[in-house]
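The values are calculated or read from the model by the stated rules, or taken from the named source; none is laboratory data. Everything numeric in this text was worked out from a predicted model, so none of it was measured. Using ideal geometry, Cβ is built from the backbone for each residue, glycine included, and neighbour counts are taken over all protein chains shown.
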Amino acid sequence: MLCATCNVQAQKIQENMIDNPMLWADVPDPDIIRVGDTFYLVSTTMHLMPGAPIMQSKDLKNWETVGYIFDKLTDSPKYDLSPTEGTVYGRGQWATSLKYHKGKFYALLAPNERGSMGDTYIFTADKAAGPWKIVSRMRHFHDCSLFFDDDDRVYVIYGTGEMMELKPDLSDVIEGTHRQIFEREADETGLLEGSRMIKHNGKYYLLMISHVYAPGRHRREVCYRADNIQGPYEKATILESDFGGFSYEAQGTIVDTQDGDWYGIIFQDRAGVGRVLTVMPCRWIDGWPMLGDEEGKVPARVRALKSGEPTKSIVNADDFSSPKLCLHWQWNHNPVDNAWSLTERPGYLRLKTSRVVPNLYLAPNTLTQRMEGPKCTGAIALDLSKMKDGDVAGLAAFNDNSTVLAVKKSGKQLTLELSEQSVKLSMREKKVENVDEKIVERIALKTNKIWLRIDANFVPRTDIANFSYSLDGENWTQLGGDFRMTFDWQRFFMGTKFGIFNYATKKAGGYVDIDAFTYNKHQ
């Protein structure tokens, strides 16, 4: 039997553990660096704005969003949800590379687009929280890694083992420097992606995801190692592990601590919630950064780096008392800036209709926030008194397949409607070609204030959302039953989000006021 003191110590150790997934939310394509005692993480958010979120942590357990690399992308009307030109659903910013060099932060990203929309951006900032400014734009590099060598030469590693050197001022590539630094194996019929280059003890290490479709082989994280950045490179598989009843993990990077320990941060596909992040030990064995526990598996728990850090999260409640939008929110595509406000009615988020649209998928100023596993609940309180005929406002489990709880105004009548909606997008331009809508339940309303709630369950193999409403904020009535949340890489390529919306189908000019967004994460 443990003594009382030992029991207390054991409890503290338990409390200071990181349960995997480290971030049970949609945080794909990670890059992570450490500057001093702080870790900085960047992820893909594609069509959400502002984009390329920067998150920070002191202990790899408690993360908060501290800034974004850009507020908007403006190369095309597609970023504004154009009904004629198309959208950027599942496109936009991908797989940003984050670096720190000689006192400055650098980020390199390339939208997954054709032509000039897909040009690579390089940004820089004095602080990770920003402000960030554009250094240059150049040709497209897929899933690339920026790398500053010890001699100050700069490289971009991209695609399946391609590399080019950049000019010292980062203004463009140096022509003639293209090099194929390795050739993939015969059974690697898929691309090798997610390049992340680091240097350790004088050697160069390129981490990548390998898609192997041969019998008995799985998705895996591989590493290419060389004494010279130009090669030759040798290869090892550093992680080939499933976890938690889901698929095999791959794509991410490694990072060291101030004490010289190393960790791997790798993402895993988890259906409706999206692509989640796991943390694991990285052990240097024979000069290779081997990931996972002693058996090479993703562990269920990892000890946090330090105790006593305040609890922080990238998903949060909001009473909208700040005059600025909190950083845990992102808009679906570029917002219409004059069609929302936190100051016109202090303590409320006002969403105005700015143009007439046919459906939710073309509606500007839909405000989103991630959902989290294993379970979470989000709710809003809506003042409906200024809606106009044809307006639609509410709360959605927002994705390419959405379940939508909406208040609709027809003439002077308000109706609460629960529906399942699925968008069809053109393959190339991502135009909204059709929205298939199935009405599940509809009730008449006789009030101008209503509370709407979503309960989401991402316990493995569940992915269910339930919808409720209240007329007083205390007593809730469920509508419908269990609604499946899905993940489709060919459309949104993103986990399901809470979506707060208000759009006009007949005439612009109405608005709704959101009193608060309440949020709780559950086990």
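Miscellaneous remarks
- In the range 278-288, the residues that are touching a Gly at 6+ places or on another chain (Cβ under 9 Å) and either basic (Lys, Arg) or surrounded by fewer than 24 Cβ atoms within 10 Å (Cβ to Cβ) (or both): Pro281, Cys282, Arg283
- Scanning the range 291-314 for residues that are closer than 20 Å to Thr237 by Cβ and within 26 Å of the chain's Cα centre (by Cα) turns up Leu291, Gly292, Lys297, Val298, Pro299.
- Residue in the range 87-109 that is farthest from Arg34 (Cα to Cα), counting only those that are of a type outside the set (Phe, Trp, Tyr) and touching an Asp or Glu at 6+ places or on another chain (Cβ under 7 Å): Arg91
- Residue check, Gly176 over 22 Å from Gly51 (Cβ atoms), among the small types (Gly, Ala, Ser) and within 28 Å of the chain's Cα centre (by Cα): no
- Residue check, Thr124 assigned by TED's automatic domain parsing to the domain that holds Asp37, under 27 Å from Asp488 (Cβ atoms) and either in a loop (DSSP other than H, G, I, E, B) or out of contact with any helix residue (DSSP H, G or I) (no Cβ under 7 Å at 6 or more places or on another chain) (or both): no
- Test result for Ser426, of a type in the set (S, T, N, Q) and crowded, with 17+ Cβ neighbours inside 10 Å: no
- Index of the failed condition, Tyr361 passing every other in (1) over 19 Å from Met55 (Cα atoms); (2) of a type in the set (Phe, Trp, Tyr); (3) part of a strand (DSSP E or B): (3)
- Residue check for Thr96: modelled with pLDDT of 95 or more, in contact with a His (Cβ under 9 Å, 6 or more places away or on another chain) and not aliphatic (A, V, I, L, M): no
- When Phe467 is tested against (1) crowded, with 22+ Cβ neighbours inside 10 Å; (2) closer than 20 Å to Ser43 by Cβ, only condition (2) is not met.
- Subset of the range 167-197 that is in contact (Cβ under 8 Å) with a residue 40 or more places away in the chain and over 30 Å from Gln268 (Cα atoms) - its residue that is surrounded by the fewest Cβ atoms within 10 Å (Cβ to Cβ): Arg179
- The criterion of at least 2 residues that are under 15 Å from Asn401 (Cα atoms) is met by the following strands (runs of 3 or more DSSP E) wholly inside the range 431-523: 432-445, 464-470, 476-484, 497-504.
- Condition check for Arg283: at pLDDT 95 or above, out of contact with any Phe, Trp or Tyr (no Cβ under 8 Å at 6 or more places or on another chain) and under 18 Å from Asn20 (Cβ atoms): no
- The C-beta contact set for the range 27-40 (first residue on the phi > 0 side of the Ramachandran plot and touching a residue at least 24 places away in the same chain (Cβ under 8 Å), second residue among the small types (Gly, Ala, Ser) and not in a strand (DSSP E or B), distance under 8 angstrom, 6+ apart or interchain) comprises Asp29/Ser43; Asp29/Ala95.
- Answer residue from the range 247-271, given it is under 14 Å from the mean Cα position of the chain (by Cα) and in a strand (DSSP E or B) and is surrounded by the fewest Cβ atoms within 10 Å (Cβ to Cβ) among those: Asp269
- Look at the range 114-141: where a residue is closer than 15 Å to Leu73 by Cα and without any contact (Cβ under 8 Å) to a residue 12 or more places away in the chain and a partner is buried (at least 17 other Cβ atoms within 10 Å of the Cβ) and of a type in the set (Phe, Trp, Tyr), sitting 6+ places away or on another chain with Cβ atoms under 8 Å, you get Lys133/Phe123.
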